[in-house]
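Beneath this line is the structure, given in structure tokens, with notes to follow.
Derivation of every value follows stated rules applied to the coordinates shown; laboratory data play no part. These numbers were taken from a predicted model, which means no experiment stands behind them. FYI the Cβ positions are ideal-geometry reconstructions off the backbone, even for glycines, and counts take in every protein chain you see.
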Amino acid sequence: MKNKATVSEIMTTNVITLKSDDKLETAERIFNEKHIRHIPITDKGKIVGMLSYSDILRLSFGDVTNDEFEIDSFIYEMFTIKQLMAKNLTMVTPETSIKEVAQMLVEKEFHALPIVKEDELLGIVTSTDLSRYLVAQLN
């Protein structure tokens with residue numbers, strides 16, 4: 001394994017973003033259609049938060065009743081992306097080593113980190129990206 005490999009080698013660059021005033025229904029639809037679990041939230045091109053699929057799942061009580069749509073609609077009217085998103089983000093640059101990123105994800109129990117340079121969102125790295133990298137290195 002390369003010790004000096006940087007996160008730029010494994011990050012996802014075609015990142016789907018939302019704005020904090022977008023609807024939670026929009027976020028849930030994107031999570032389900034794109035099979036992703038994290039969406040950076042931006043404002044004027046700068047990242048201001050991160051929304052995860054688990055943030056939305058914590059609100060959903062659909063599995064408790066048979067009327068999932070009605071409950072989700074009610075919950076989505078009560079909360080906003082701005083209220084649910086993580087705001088105090090740990091961010092890394094494209095030059096950050098993969099080892100450092102892996103340590104951050106483990107120690108802070110994150111599953112995704114935004115990659116930024118001069119406040120511009122360049123990509124995202126997830127625990128899945130790291131797993132794929134590890135598998136490739138072991139082949």
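Annotation for segment 1-38 versus segment 98-133: alpha-carbon center distance of 11 Å.
Just how many % of Cα pairs in segment 2-48 lie over 15 Å apart, if you round to the nearest whole percent? Of the Cα pairs, 53 percent sit more than 15 Å apart.
Against the longest alpha carbon principal axis of the chain, how many degrees, from 0 to 90 and to the nearest 10, is the axis of helix 68-78 turned? So the inclination is approximately 80 degrees. The angle between the Cα long axis of helix 24-34 and the main principal axis of the chain comes to about 50°, on a 0 to 90 degree scale. In straight-distance terms, cross-link reach from Lys44 covers every one of the lysines whose alpha-carbon lies under 20 Å from its own, apart from those fewer than eight places away in the same chain; here that gives Lys19, Lys23, Lys82, Lys87, Lys117.
Angle, helix 98-108 long axis vs. longest principal axis of the chain, Cα atoms, 0 to 90°, nearest 10? Approximately 40 degrees, to the nearest ten. Rounded to the nearest 0.05, what FRET efficiency is calculated for Glu118 and Arg37 with R0 set to 22 Å and r the Cβ-Cβ distance? E(calc), rounded to 0.05, equals 0.25. For the peptides 112-124, 25-37, residues were scored by their other Cβ atoms within 10 Å and the scores averaged per peptide; the highest-first order is 112-124, 25-37. Let me check against my output: what whole-number percent is the relative contact order of segment 7-138, with C-alpha pairs under 8 Å and at least 6 apart? Reported as a whole number, the value is 30 percent.
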